[in-house]
Amino acid sequence: MGGISPHFAPLYSLLIFLGRNEYNGCNRSKTWPVAIQVRSPPLCSGRRSPPFSGRQTSAEYMEKMPTNFRTWRCLAQLLFICLMVSVMPGVARFSLAAEQAAGGAGDRKELRSASEFDYPPFAIVGADGKADGFSVDLLKAAAEAAGLSVSFKVGPWHQLKEELADGMLDVLPLVSYSPERDRVYDFTTPYLRMNGTVFVRKGDPHIRSLTDLKGREVLVMEGDTAHEYALREKLSEKIIPTATYEEAFRRLASGRHDAVVVQQIVGLQIIRKLHLANIVPVSQKHVTTLKPVALKLEGFEQKFCFAVAEGNQHLVSQLNEGLTVVYLNGTYNALYEKWFAPILPKPEISMAETIRQVLVVLVPFLLVLTLAGLWYLRRLVRERTLFLENEIAQRQKIEEALAEANGRYEDAQRLGKVGNWVFEPATGELWASAEARRIFGFAAGAHLSLDDVRQCFVDRGLAEKVLQELLSEDGVDNLECGIISADEKKHRTILLLTRSEKGDAGRPARLTGVIQDVTERKRMEERLQQAHKLEAVGLLAGGIAHDFNNILTSILGFAELIRDSYPDDNQLQEDIGEIYTAASRAKELVQQLQAFSRREKTRPYPLRVELVVKETMRLLRSTLPASVEMRVDVAETMPPVLAEPAKLHQIVMNICTNAAQAMEEGGGVLTVRAFETTPADQVFRQHPGLARGRYVQLEVHDTGSGIPPERLGSIFDPYFTTRDSGDGTGLGLAVTYSLVREMNGEILVWSEEGKGSVFTVLLPTVEAVEGPAAGLPVPAGPPLMGGRHILLVDDEPPNLKMTTRMLERGGYTVTPVQDGAEALERFRKNPAAFDLVISDISMPGLTGDRLARELLAVRPDLPVILTSGHAGNLSEETAGLAGARGFLQKPVTEKQLFSRIGEIFASPAESDAGQHR
C-alpha cells in the first residue's frame, strides 16, 4: 500500500483532527485520536512508533474542553479550507492505495485472534458469548480495510499471551506496549495512549498520592500492565493480583484492601457496570486547583496496539495500513463514539478556559500564516534534507534489526544443535551456517566444499547415493547417519533433511538442507532401552525369588528334619550338611535377587576373599571355552575384608567374564591372583580416596586383544560396551566399579593392544570377627510349649507338611489347612480352640493378610504370624497393617520359627491366656 509523503504528515494529522471534530459536530467529550502512521515505503513497516504520533488522556482533554462550540467550528472550517490545497496530493495517493487494498477483499485470509474476558470497554464478552469491545471492533475494521478477515475466541489474558507467542494465534487486538513484551511480540502503531490512575473508596483520607500506597493493600489484575508497573515501581509491599478487574473492584467496594491500580477508562467502565457508588478515582477526591486534577501515573502510560508473533513484519505492515484507512474514512471516530462516549464524564465548561483554548489555536495559526512565505522558499531544501536523514536512520535501524535477528537466529541454532546449508550444483558453491560448520567440525571462516563434507561421513557410499537421488528428482529426503568431525575426530549422529529445487530447464538448481546433531538423543534412547531391560530383569528377579523361597523352605526344613533323625556320627550328617550349605548359598542368592528387584542395600560383614575367589573360579571353569587356560594363585592366610559374599562374587565373576570374552576368538591364558599388600605411595597420590593401610589385592590378567587407548577412559561408563549392539548391557564393569567403590576400594586397569589387560582390585582389610555360619546350624532344641494348638495355613503342600512335622516335634498340636477360606471356617466353629495362627500371605482366594483381619475380627486377642517369600519390606508392612504379631521371611529355619513362637508365647498376656486355658 502506498503511503503519505513525509512533508504532509503534520498537516495531514491536523486535518484528521479537524475533520473528526467537524464530522462529530464537536457535541461530545472524547479523547483525541491517535495520529496516523505516516510513512513512505519501506519506512515504518515494523513495530516502532511513527514519526508523528500522540494522544492526550481523557483528563487532559477535559481540562481543555472549549465552551463555545461555534467558535471551534468556525476555526476548524477555516483551517480545513486553508490546508486542503497542501494535502490534496497526499490524499490522492493515499486513497488510491486504500482502493487497491479494498480491491483484494474477494480473497481474504482469515486471521486467528482472541479477546480477554473482562477489560471494558476495550474487550468484553457479549450476551451471546462472543468477543466484543472497542479493540475487537477496531481490529475487525482494520483487517477488512487491509483485505483480511478475522475470527475471535475468548479466554483468560495469561493464556492468550502464551498462545500468541507459541503461534497458536495470529494477532491480539488489545496489547499494551512494554519493552519486556517487545522481546516476545511485534506491535503495530499505537491506536490509543492512556495513563493509569488509582481508585479508592469514597471518603478515604489516607491515599492522596503514590507515596501513600506504601504499606497498603493494592489490587491489580494478574499479568496486566498495571501488575507489571506496580511491581516495577514497588508501589507497595502488598501487591494483590486478581483474576479480573471486576473482582478487584468488588473487593474494594466491600471494604477489603485499600486501592486498585488500573487504566482510568477501564475503571470508570467497571464502576458504571457494577453500579459501585462508593468507589472514586483519587483525582475526584482531592481538589488542589479550581477543579479536580487526575492523579496521573507517569510510569503507567499504556500504548494500546495490535500485537502479532515476533518476526511477523508483513502482518504488522498490513494492520498498520488498515489502521490508516479506518482513521481517514471515519470508522475510528464512529467506534470511539460508540464505546467511550457513554463512559467519559462531561467536563466543566468555563469562559476563561474557552478563551485560553481559542488563543492556543489562534496564535500558532497566525504565526503560521506570517511565516508561510519564508517556509515555502526553504521547503525544498528542508524536504530533501529530511528525506536523506530519514533514509539513513531507517537503514541504520534495518541494519541493527538484521544484526539482532541474525544473532537470535544463530543462538536458536546453537541451542537446538540445528544448522542449515545451501548447495548450488551449477557453481559448486556450498554455504553452511555457523552451527552446521560446528557440527561437521569446520572453522567459521574457512572455505567449504562438497568434497570436504563427504569426507566426514562414516558411510560415504550412502551419502553419495542420497546426493545423486536428490540431483535427479524433486523431493525431501531424511537421512540419519554417522559422521566423524573434521576438527576433533569425534563421532556424531546427525539427522539430515534435504530438499532439491529444479530450475526452468528441469535440472537441479539448488539443494537446501537442515542438519541436526542428535548424538545425545541417540545415546539417551539407548540408555532408555537398557533401563527398560533392567526394569524387566528386576520384575523377573522378584518373581523368581518368591518361587525359590518356597522351594528352599522345603529343602532347608526337611534337611533339618533328616539331620535330627540320625546320630551325629552317621555318614549321612555330612551329606545333609552339604545339602544345607548349598541351600544356604541359594538363599543368599535369592536375597540378592530380592535386593536387586527392590534396589536395596544389604549389610556387609568381614569375609575371607580366598574362599569366594576359589568358589567363583570353580563355577567359572565350566563355562570357559577349551581355548582359554585358567591359572589361580590365591594366598591362604589373608585378613578378611568388609563385604557381602554375593557382591564380592559378582566383582570376581564380572572381571573374569570380561577377560574371558577378550580371548574368545584366539584363546589365551586367564590368570587370577589374590594376596595381601600395602600399595605404593604413588597409588595413594593418584587415588586420594584410598585410605592408607593394608589391602587385599585381586589381579585378573588376560592375554586377549587389549583395549584401545582412546576407549580406556570409558570402560567404566554405564552402558559402554565394545561388543555388538544387543549383545550385553554394557553394565558389567560399571557395576563392578560401583561395588568396589562401595567397599571403599579402588580398581586399576592396565591394557595394551595385542598384549592383553590387567585389572587390579584393592580392598581394605578389617579385623577378623566371626561372620555368619555357612554350614548346617547346631540344633538348639524346640521350646517346651507343649499343649498349645496351632492353626497352620499354607497353599504349598511341601511347606505345609514340613512345617507341620517341625511343629509337632516341638510338642505342639497342629491343624494344617491348605486354603484360607477353609481355615477361617474351622476357626469360626471353635475360636477358643486355637492358641496361634501361622499363615502364608500369598495364597489364592483368601490371602493371608485378609485372613488375619477376619480372624482378629472374631477374636481380637489371637496371636497371628504371617510368612512370605516376597520382598521383605512390602510383606512386613502388609503383616503390620493386618494386625499380625510377627512376620517371617521365607525360607524359614526351625530355629527362626521356634524363636518367634517362643517370643509370642513368652509375653505376659499369652502366658496368662495359656494358664486360664
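The values are calculated or read from the model by the stated rules, or taken from the named source; none is laboratory data. Small disclaimer: the values here were computed from a predicted structure and weren't measured. Here Cβ is always computed from backbone atoms with ideal geometry, including for glycine, and neighbour counts include all displayed protein chains.
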Would you call Ala259 modelled with pLDDT of 70 or more, in contact with a helix residue (DSSP H, G or I) (Cβ under 9 Å, 6 or more places away or on another chain), closer than 21 Å to Asp224 by Cα and hydrophobic (A, V, I, L, M, F, W, C)? yes
All positions within region 793-811 that are crowded, with 23+ Cβ neighbours inside 10 Å and farther than 18 Å from Ala559 by Cβ: Val793, Asp794
Filter region 713-751 down to the residues that are of a type in the set (S, T, N, Q) and assigned to a loop (DSSP other than H, G, I, E, B), then identify the one that is modelled with the lowest pLDDT. Ser725
Would you call Ser899 at pLDDT below 75 and small (Gly, Ala, Ser)? no
Within region 635-661, the count of residues that are out of contact with any Leu (no Cβ under 9 Å at 6 or more places or on another chain) and either part of a helix (DSSP H, G or I) or within 22 Å of Leu739 (Cα to Cα) (or both) comes to 3
With respect to Asn312, is the statement that it is at pLDDT 85 or above, touching a Cys at 6+ places or on another chain (Cβ under 8 Å) and within 30 Å of Ala123 (Cα to Cα) true? no
Could you look through region 150-192, keep only residues that are polar (S, T, N, Q) and over 18 Å from Gln302 (Cβ atoms), and pick out the one that is modelled with the highest pLDDT? Ser151
Suppose the filter is β-branched (Val, Ile, Thr) and either surrounded by 10 or more Cβ atoms within 10 Å (Cβ to Cβ) or in the same structural domain as Leu479 (by TED's automatic domain parsing) (or both); does Val453 pass it? yes
Is it the case that region 339-362 has a residue that's acidic (Asp, Glu), modelled with pLDDT of 85 or more and either surrounded by 14 or more Cβ atoms within 10 Å (Cβ to Cβ) or more than 30 Å from Ala141 (Cβ to Cβ) (or both)? no
Only residues that are of a type in the set (Val, Ile, Thr) and either under 20 Å from Val154 (Cβ atoms) or part of a loop (DSSP other than H, G, I, E, B) (or both): list them for region 226-245, please. Thr242, Thr244
How do the pairs read when you match residues in region 434-455 that are outside any helix (DSSP H, G or I) with residues anywhere that are surrounded by 11 or more Cβ atoms within 10 Å (Cβ to Cβ) and among the acidic types (Asp, Glu), using Cβ under 8 Å and keeping only pairs 6 or more apart or on different chains? Gly441/Asp487; Phe442/Asp452; Phe442/Asp487; Ala443/Asp487
Determine if region 673-684 includes at least one residue that is assigned to a helix (DSSP H, G or I) and either touching a residue at least 12 places away in the same chain (Cβ under 8 Å) or under 30 Å from Arg523 (Cα atoms) (or both). yes
For Arg510, indicate whether it is at pLDDT 70 or above, among the basic types (Lys, Arg) and surrounded by 17 or more Cβ atoms within 10 Å (Cβ to Cβ). no
For region 880-905, which residues satisfy the criterion of being buried (at least 20 other Cβ atoms within 10 Å of the Cβ), assigned to a helix (DSSP H, G or I) and of a type in the set (Gly, Ala, Ser)? Ala882
Going through region 399-424 in order, the residues found to be touching a residue at least 12 places away in the same chain (Cβ under 8 Å) and in a helix (DSSP H, G or I) are Ala401, Ala405, Glu410, Gln413, Arg414, Gly416
